[in-house]
Structure formats: structure tokens, C-alpha cells
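Visitor: Sharing a structure with you now.
The values are calculated or read from the model by the stated rules, or taken from the named source; none is laboratory data. Fair warning: this is a prediction, and the values are worked out from it, not measured in the lab. Glycine also receives a Cβ, built like all others from the backbone with ideal geometry; neighbour counts cover every protein chain displayed. Note: accessible area is taken over every heavy atom of the protein model, side chains too, but ligands, DNA and RNA are not part of it. Shrake-Rupley method; radii C 1.70, N 1.55, O 1.52, S 1.80 Å.
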Amino acid sequence: MSVAKAKRAKPADAVPAEPPVDCALCPRLVAFREENQSAYPDYFNGAAPSFGDPKAKLLIVGLAPGLHGANRTARPFTGDYAGDLLYATLGKFGFSNNKYDSRPDDGLKLKGAMITNAVRCVPPQNKPVGAEIKTCRQFLTARIAALPALEAIMCLGRISHDSTLAALGVKAKDAPFGHGAEHELPGGKARLFDSYHCSRYNTNTRRLTPEMFESVFAAIRARLG
């Protein structure tokens with residue numbers, strides 16, 4: 001049984017895999033969006049959509065859009081430092097056409113992979129609160145369920161990991177977070193892979209090195225073939 005069939009919090013037609021651009025479910029995030037619409041009128045300033053191959057075998061789950069990244073460009077990890085490392089690594093392991101140039105019109109295409117976020121709207125100080133993570137989880141659940149070929153989920157950071165587990169109905173104690181950790185998911189078809197987030201802070205402090213990041217992708221590639 002696939003991950004899509006293993007866990008659905010609501011009927012498949014109740015929640016879309018992508019929230020509306022002007023999603024109004026989280027008051028604090030809506031207020032911050034309105035501030036950004038005034039401060040940065042040329043930015044996307046909305047719930048950032050997922051990006052990638054609808055037949056993806058790999059789903060990468062980040063935390064939330066960056067203010068000057070996906071909140072500006074409307075594409076996950078595009079225009080910020082984290083995207084430089086993520087997209088370079090995706091290209092190296094054959095998950096893209098390797099045309100990333102920090103712009104949504106750069107011609108980049110993902111192959112067998114999709115990227116989404118646990119929270120779709122940019123939060124103040126890049127820190128969503130628990131209620132926002134929980135509210136947005138319905139879209140993560142629907143996004144996972146909408147990928148029929150899914151075989152691997154890569155979680156970038158603990159918040160992404162915890163929200164993905166909750167979306168799938170897996171108890172945190174049964175799949176603890178750790179860089180390089182792997183866990184089988186309900187149904188036995190898909191596997192969860194953990195990495196520290198590829199943020200500038202983590203790479204600058206060497207909490208995450210390119211070699212560490214690539215090791216997780218190597219395990220994923222070995223899984224998918």
C-alpha cells in the first residue's frame with residue numbers, strides 16, 4: 001500500500017495539495033504578508049506552491065518560504081542561499097536538469113523529485129509557531145497523498161520531520177530525527193530520510209557540510225535506483 005493510501009486525515013477531495021495564494025487560515029502570517037505587500041510590492045507574497053515533477057518518487061519537505069527567497073520568487077528555495085546548495089546537489093544526483101540560476105525563469109526542471117514546505121507562507125523571523133505548522137499540515141498531507149509514485153521523503157530539519165510524521169500518522173518516538181536517519185513509512189513502500197536544514201547558518205557553522213548533505217542524497221539515490 002502506498003503512502004498516499006496509508007494516511008489521509010480527510011477525504012482526498014476535501015483539501016487541495018496546494019493552498020490558495022491568498023490563504024487566510026493563519027492570522028499572524030496574513031498580517032505579515034500584508035506588511036510585505038507594502039514593503040515589497042514586486043514580491044510574490046503568497047502561499048508558495050510546491051515545485052517539481054508530479055510523478056516524483058522523491059518529495060523534499062522544507063520548513064517555510066524565505067522572505068527574500070520563495071516569498072519573492074514563488075518557487076521553493078529559489079533566490080536564497082539554501083537553494084544554492086539544495087539545487088546544486090539535486091543536479092549532481094540526477095534529480096534536475098541542473099539549470100538553477102536563482103530565478104523562477106531559469107529553465108530549471110526537476111526529474112523524479114518535488115519540493116514543498118511544511119508551512120507555505122513566510123513567517124516572521126523565519127519561525128512559524130506551532131498552531132501555524134499544525135494548520136498548514138493539511139496541505140502537506142494532501143501533497144503527499146497526491147504523489148502516487150512516491151518512494152522517499154527527505155525532511156530538512158526537525159520541524160519538517162515532525163510535521164511530516166504527524167501528516168502520516170507516525171508517532172515521533174517511533175521515528176526520531178537525526179541527520180542521516182532513515183525510517184520506513186506506513187505501507188512499506190516509502191522511506192523517510194532526514195537531513196539538517198541546508199540553511200546558511202547550518203553550513204556556516206559546519207553543522208551541515210556539503211559532504212554530509214550529499215551523503216543523504218546518495219542514500220536516497222541508492223534507494224530509488
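Visitor: Any residue at all in segment 59-67 that is open to solvent by 20 Å² or more (accessible area, probe 1.4 Å) and either in a helix (DSSP H, G or I) or at pLDDT below 95 (or both)?
Guide: Looking for residues that are open to solvent by 20 Å² or more (accessible area, probe 1.4 Å) and either in a helix (DSSP H, G or I) or at pLDDT below 95 (or both), one finds none in segment 59-67, hence no.
Visitor: Let me ask something else. Step by step: first the residues of segment 124-136, then only those that are assigned to a helix (DSSP H, G or I) and without any contact (Cβ under 8 Å) to a residue 40 or more places away in the chain, then the one that is farthest from Ala24 (Cα to Cα). Which residue is that?
Guide: The extreme case among them is Gln125.
Visitor: Specify which of the listed residues (Ile153, Ile159) is assigned to a strand (DSSP E or B) and in contact (Cβ under 8 Å) with a residue 40 or more places away in the chain.
Guide: Ile153
Visitor: If you check every pair at least six apart or on different chains, which have Cβ atoms under 7 Å apart with a residue in segment 192-220 that is free of Cβ contacts under 8 Å to residues at least 40 places away in the same chain first and a residue that is in a strand (DSSP E or B) and open to solvent by 50 Å² or more (accessible area, probe 1.4 Å) second?
Guide: Ala219/Glu182
Visitor: Follow-up question, since we're still on this one. Quick check on segment 185-197: of everything there that is modelled with pLDDT of 95 or more and not basic (Lys, Arg), which residue is surrounded by the most Cβ atoms within 10 Å (Cβ to Cβ)?
Guide: The residue in question is Ser195.
Visitor: Considering only residues that are more than 12 Å from Leu165 (Cα to Cα) and within 15 Å of the chain's Cα centre (by Cα), which ones fall in segment 135-152?
Guide: The answer is Cys136, Gln138, Phe139, Ala142, Arg143, Ala145, Ala146, Leu147, Leu150, Ala152.
Visitor: Mind listing whichever residues of segment 17-39 are under 18 Å from Pro76 (Cα atoms) and part of a loop (DSSP other than H, G, I, E, B)?
Guide: Passing the criteria: Ala17, Glu18, Pro19, Pro20, Val21, Asp22, Cys23.
Visitor: When you scan segment 163-182, how many residues do you find that are outside any loop (DSSP other than H, G, I, E, B) and crowded, with 18+ Cβ neighbours inside 10 Å? Break it down stepwise before answering.
Guide: Our first condition is that a residue be outside any loop (DSSP other than H, G, I, E, B); within segment 163-182, this holds for 163-168, 172-174, 182.
Next cut, crowded, with 18+ Cβ neighbours inside 10 Å only: 163-168.
Summing the residues that are outside any loop (DSSP other than H, G, I, E, B) and crowded, with 18+ Cβ neighbours inside 10 Å in segment 163-182 gives 6.
Visitor: In segment 84-97, what count of residues is obtained for those that are part of a helix (DSSP H, G or I) and either buried (at least 23 other Cβ atoms within 10 Å of the Cβ) or touching a residue at least 40 places away in the same chain (Cβ under 8 Å) (or both)?
Guide: Counting residues in segment 84-97 that are part of a helix (DSSP H, G or I) and either buried (at least 23 other Cβ atoms within 10 Å of the Cβ) or touching a residue at least 40 places away in the same chain (Cβ under 8 Å) (or both) gives 6.
Visitor: For Leu165, state whether it is touching a Lys or Arg at 6+ places or on another chain (Cβ under 8 Å) and over 29 Å from Leu29 (Cβ atoms).
Guide: Taking the combined requirement at face value, the residue does not satisfy it.
Visitor: Of the residues Phe193, Phe217, only one is within 17 Å of the chain's Cα centre (by Cα) and part of a strand (DSSP E or B); which?
Guide: Checking each option against the conditions leaves just Phe193.
Visitor: Also: Being over 19 Å from Ala82 (Cβ atoms) and of a type in the set (D, E, K, R) is the filter; apply it to segment 136-161 and report the residue that is least open to solvent (accessible area, probe 1.4 Å).
Guide: Among residues in segment 136-161 that are over 19 Å from Ala82 (Cβ atoms) and of a type in the set (D, E, K, R), the one least open to solvent (accessible area, probe 1.4 Å) is Arg143.
Visitor: Working only within segment 98-127, note down all residues that are surrounded by 15 or more Cβ atoms within 10 Å (Cβ to Cβ), of a type outside the set (Lys, Arg) and more than 18 Å from Gly66 (Cα to Cα).
Guide: Leu108, Leu110, Gly112, Ala113
Visitor: Restricting attention to segment 68-81, which residues are in contact with a strand residue (DSSP E or B) (Cβ under 8 Å, 6 or more places away or on another chain) and either open to solvent by 10 Å² or more (accessible area, probe 1.4 Å) or under 21 Å from Glu34 (Cβ atoms) (or both)?
Guide: Once the filter is applied, which keeps residues that are in contact with a strand residue (DSSP E or B) (Cβ under 8 Å, 6 or more places away or on another chain) and either open to solvent by 10 Å² or more (accessible area, probe 1.4 Å) or under 21 Å from Glu34 (Cβ atoms) (or both), segment 68-81 yields Ala70, Arg75, Phe77.
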